[in-house]
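This report concerns only the one structure given below.
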Amino acid sequence: MEMISKHLGRYKNYTFPMGFTSAEVIDSLQSFEIRDSDLFLVTYPKSGTIWTQQIIISICELGGGLNKYPNNMETMPWLEYLWVKESYPNRPSPRLFSCHFIADLMPPQLKDKKAKIIYVMRNPKDNIVSYYHFSKICSDLETPKSFEDFLEDYLQGNVGSGSWFDHIRDWHSKRDQYNILFLSYEDMVLDLKTAVKKICTFLGKNLSEADVEKVVEKSTFKNMKEDPKANYQFLPEIMMKGVFMRKGNIGDWKNYLTVAQSERVDRLLQERLGDLSLKFIWE
Ligand code: PPS
């Protein structure tokens, strides 16, 4: 493993905060046994992970058969985090996991295509702003000196989970190898009900209209912020010195990026991902 900075390590083409994961965990997941009923939520950080967790968990609770854990992080733990690793493999099915990894680090058996993956993407400008704020409150991440400094690190891939551009390209270019549903944070903001229904269909959960409405209600920003199982206020203060549920909207980037910075991101998007025909919603 190569050390990039005080907080960041790099191993197998992946940059990660050393307080969260390790080369040993990365290696150990190569022999992680997949069950057909497993579901993985994969995201680049700050793309709507805990939101999608709440949606999936609410759907599974109403659809029946979900095991009870004290909060969403324990119900749908990150596959790669150091502190919850031991309990995973023996969990009763259905197992729900979250993960920020690139595809090559995922358990290889996922390519059998029976277990499911939901990948959520967020527009990079709002992602940068959300990540910047998170880096200021999370003790395992480098505290940014300024927004400009953070932007530079982000665009160079010197943040946890590496380059956003690489992450998006990696998962999109390997999509045929997996049983995967792609969603975008912006689509979820604009039409949460449709997103919930898409997830239901993908998971094979036939919820009534009334139950779909219940999932939508539980997953609004306002209600999640008040939900102690979902708002991540349960994390110890030593780890998190602020709120996870910050703004939850599209377009906050306009309050942070200068015109020149925004145009730089546009150019990089074109250069790095232009061939993927992805559509981004900016406001
Ligand atoms: S992490 O640390 O990677 O798990 O963070 P992640 O959950 O991916 O991203 C956090 C951002 O998601 C926003 N969020 C929501 N937006 C809209 N609706 C709901 N219900 C919701 N829940 C979480 C959260 O506020 C973070 O975005 P920002 O822009 O910082 O507010």
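Read-outs: derived from the displayed coordinates by stated rules, not from any lab. The model shown is predicted, which means the values in this text are computed figures rather than measured ones. Here the Cβ positions follow ideal geometry from the backbone for every residue, glycine too, while neighbour counts run over all protein chains shown.
Tabulated results
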quantity	calculated
Principal semi-axes in Å for the range 139-283 [√(5λ), Cα gyration tensor, largest first]	29, 23, 16
Using alpha carbons only: equivalent-ellipsoid semi-axes of the chain, gyration tensor based, whole Å	27, 22, 20
Order of VAL259, VAL25, VAL212 under a 10 Å beta carbon neighbour criterion, fewest first	VAL259, VAL25, VAL212
Cut-off 13 Å between beta-carbons: net charge of the residues surrounding SER37, Lys and Arg +1, Asp and Glu -1	+2
Residues TYR44, TYR185, TYR232, TYR154 arranged by fewest to most Cβ contacts within 10 Å	TYR232, TYR154, TYR185, TYR44
Separation in nanometres of the label points that stand 7 Å from Cα toward Cβ, at ASN206 and SER28	4.1 nm
The chain: calculated mean residue ellipticity at 222 nm from DSSP helix runs of at least 4, using -39500 (n - 2.57)	-11000 deg cm²/dmol
Which listed pairs, of LYS6/LYS225; LYS125/LYS241; LYS114/LYS198, have C-alpha distances above 21 Å, in listed order	LYS6/LYS225; LYS125/LYS241
Intensity falloff of the range 155-215 expressed as log10 I(q)/I(0), Debye formula with alpha-carbon point scatterers, at q = 0.19, 0.28 Å⁻¹	-0.84, -1.11
³J(HN,Hα), Karplus 6.51/-1.76/1.60, whole Hz, each residue of the range 120-125, x for Gly, Pro	10, 10, 10, 4, x, 5
Percent of beta bridges antiparallel (DSSP, the range 2-273, rounded to nearest 5)	30 percent
Inter-label distance, nm, simple model (7 Å from Cα along the C-beta direction), LEU82/GLU152	2.8 nm
